Structures are given as C-alpha cells and as structure tokens.
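We did not get these values from a lab; they are worked out from the coordinates using the rules stated. From a predicted model like this one, the values you see are computed outputs, not experimental measurements. Every residue, glycine as well, gets a Cβ built from its backbone with ideal geometry; the counts of neighbours run over all protein chains shown.
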Amino acid sequence: MQPAACEPWDMQMTAAVLLIDRIPLASGSVETWTLNDPASRNALSEAMVDALLTACERAAAFADLRGVVLRGAGGHFCAGGSLGGFAKTIGQPLAAGEADPLVPLNRRFGTLLQALCALPQWLIVAVEGAAMGGGFGLVCCADHVLAHTSAQFATPEVTLGIVPAQIAPFVVRRVGPAAARRCLLTGERWDAATAQRAGLVDEVVAGDMEATVQAAIARHAAAAPQAVAATKRLLLAQPETPLPALLDEAAIAFSQALRGPEAPQGLAAFAARKAPPWSAKP
C-alpha cells in the first residue's frame, strides 16, 4: 500500500529542488525525478541531496513502483556539487583538534550514490546538456543511460584542485579502471558518442528524448519487478562478495523466484504467447 505522504501532489511539495511525477503503467507505476534548479544547472546543493535521499528511501519501501527516470530541468542534467555553502572554508585550515564539518557533508553524497545504486526498481537516467562532477556520479548509478547529442560529461575536480572523492568508486564500477583514470585524472570532457564508447552511456539520442524515454520504460517494464529487485541485489553484491558466497546467494534467489508468484505467471504467459501481467504491452 502506498503511504499517504507519497501522493503525487504531496511529492511535488516535498522540495522545490526535486519534482516527482508518477505515471501509471499497466501494472504499477513509474516516477520521473527531475532535478529542478535550472539557474545553477541543477547543482547538487544540500537541499537537492537531501531531497534525493528522501525519494530513494520512500522508493525502496514502495512495492508498486516499477522504475525511476532521473533527469534535469532547463536543458541540463546536473552541473555537479554546489560549493556555495563551502565558500568560507576554501583554503582555510582546521584548528588543532577541530572536527571537520565538511567530511560528513561530503560523505552524505556518497550515501546518496549508494542509495541510487541499491534501488530495487530499474533506474533510467536521461541526460541533456551538462553532467559534470557529482552529476557524472549520478549517471554512474543508472541501470540504463540515455544521452542527447547535446550532452557533455566531465569530472573536472582535479583541474580545480579538488578531489572527485565520493564519485570515484562509482565511476570505476561503471566504466572500468582505464576509462576512470582518464576522466578522473585529467578532467577531460566527453560528448555523448565518446561517453557511449567508454561505457557510460547506453543510447545516444539525436531526436526526441521523450519518445526514447518512453521506449526505454516499455522495455524495462517487460521485466518482472521482484525478479528485477533480486537481480539488482546480486549485481550490487558482485564486486565485494567472494564468488562462492555470491553463487550461494544466486542459487537462493533462483529458488525463491521459481517458487514465487512471478515465475508461474511469466512461464504461463510465454507458453500462451501472451505478455505477462507486469508488462506494459497489452
């Protein structure tokens, strides 16, 4: 059952920096999360990070939600972290024994990246315009990335004397060590085609982004939601889990799926040459 605080009109009011719209599917629903601070090219302020974390926490507990589309308002995806709140600390050393308040603030963004990767629903990221720094990190959390030909990707932190601290592990996971070293250590800018060759982007969109987003939603909606959640858990565990333990977890997941409600429905639909009940197809 959907909690009352998740009604669409309430979600629009939770934080102006993040707009959430829900669209029903044949089974369940999909949400679009729009980063909404066009004046800053949707920079990741504390309010933006907090709103995204709240949305992730709610989505993780919302069984009817099938997927999330993450995008930016105003022709850009995300310009990266906002340093406005840190202006007084730049170049200022700490006093002896003083705890640094920047550490938990920076780490909170890493918590957000973890939460996005751990969503039990599929996550589609649609990029138009800039995806820089922390915005690049958000892209790395996606299950499927669409990039308009206008998209530009970069991790320019080192060219500014800053460390791409929280995003680095997620960049490595997404594009591999070699491409990660190239972008993280030089700050080089990638267009959509280059990002696709590097493995960051799945589809380059030259035309209508809306039509491409809807087509991606339809493809992902063909997958059973519990099977998606279980598969994502295995994929997330893969880098840190020893192979024998991971295979044990996978065997349990397979058994649970086969004995659960989705496998009989999916196999029966396949035998009857019909779409399964969770599919977006009629």
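Spacing of the modelled spin labels on Glu98 and Ala275, each 7 Å from Cα toward Cβ, amounts to 6.0 nm.
Modelled spin labels at Gln265 and Ala63, positioned 7 Å past Cα toward Cβ, are 1.1 nm from each other.
Applied to segment 161-170, the Karplus parametrisation 6.51 cos²θ - 1.76 cosθ + 1.60 on θ = phi - 60° returns per-residue 3J(HN,Hα) values of x, 10, 9, x, 5, 6, 7, 3, x, 6 Hz, with x for Gly and Pro. Amide H to amide H distances under 5 Å link Ala130 with Phe77, Cys78, Gln152, where only residues 5 or more positions off or on other chains count and H is placed in the peptide plane. Which label marks the calculated value of Rg/Rh (Cα atoms, Kirkwood Rh), given the options [x] 1.02; [y] 1.21; [z] 0.99? Identified label for the calculated read-out: [z]. Computed from phi, the 3J(HN,Hα) profile of segment 212-224 under the Karplus parametrisation 6.51, -1.76, 1.60 (θ = phi - 60°) reads 5, 4, 5, 5, 5, 4, 4, 5, 6, 5, 6, 8, 5 Hz, with x in place of Gly and Pro. Between Leu105 and Ala206, the contour length at 0.36 nm per residue exceeds the Cα-Cα span by 32.6 nm. Loop-located trypsin sites (Lys or Arg not before Pro) in segment 175-227 (DSSP state other than H, G, I, E, B) with a sparse environment of at most 15 neighbouring Cβ atoms within 10 Å: Arg189. Length available on full extension from Leu185 to Ala16: 0.36 nm per residue minus the Cα-Cα distance, which gives 57.4 nm. Computed over the chain with a Gaussian network model linking Cα atoms closer than 10 Å, the most mobile of Ala130, Ala168, Ala47 is Ala47. Remark: spin-label model distance Ala218-Ala178 equals 3.7 nm, labels positioned 7 Å along the Cα→Cβ axis. Cβ-Cβ distance of Ala39 and Val163, R₀ of 30 Å, FRET efficiency by 1/(1 + (r/R0)^6): the value works out to about 0.65.
When the GluC sites (Glu not before Pro) in segment 183-266 are filtered for DSSP coil states and for at most 13 other beta-carbon atoms within 10 Å of their beta-carbon, the remaining sites are Glu240. The 3J(HN,Hα) values that the Karplus relation (6.51, -1.76, 1.60; θ = phi - 60°) gives for segment 234-247 are, in residue order, 5, 5, 5, 7, 4, x, 9, 9, x, 4, x, 5, 5, 5 Hz. Gly and Pro appear as x.
Only beta bridges with both residues in the chain are counted; by DSSP, about 30 percent of them are antiparallel. Using the rule -39500 (n - 2.57) for each DSSP H run of four or more residues, divided by the residues of the chain, the 222 nm mean residue ellipticity is -13000 deg cm²/dmol.
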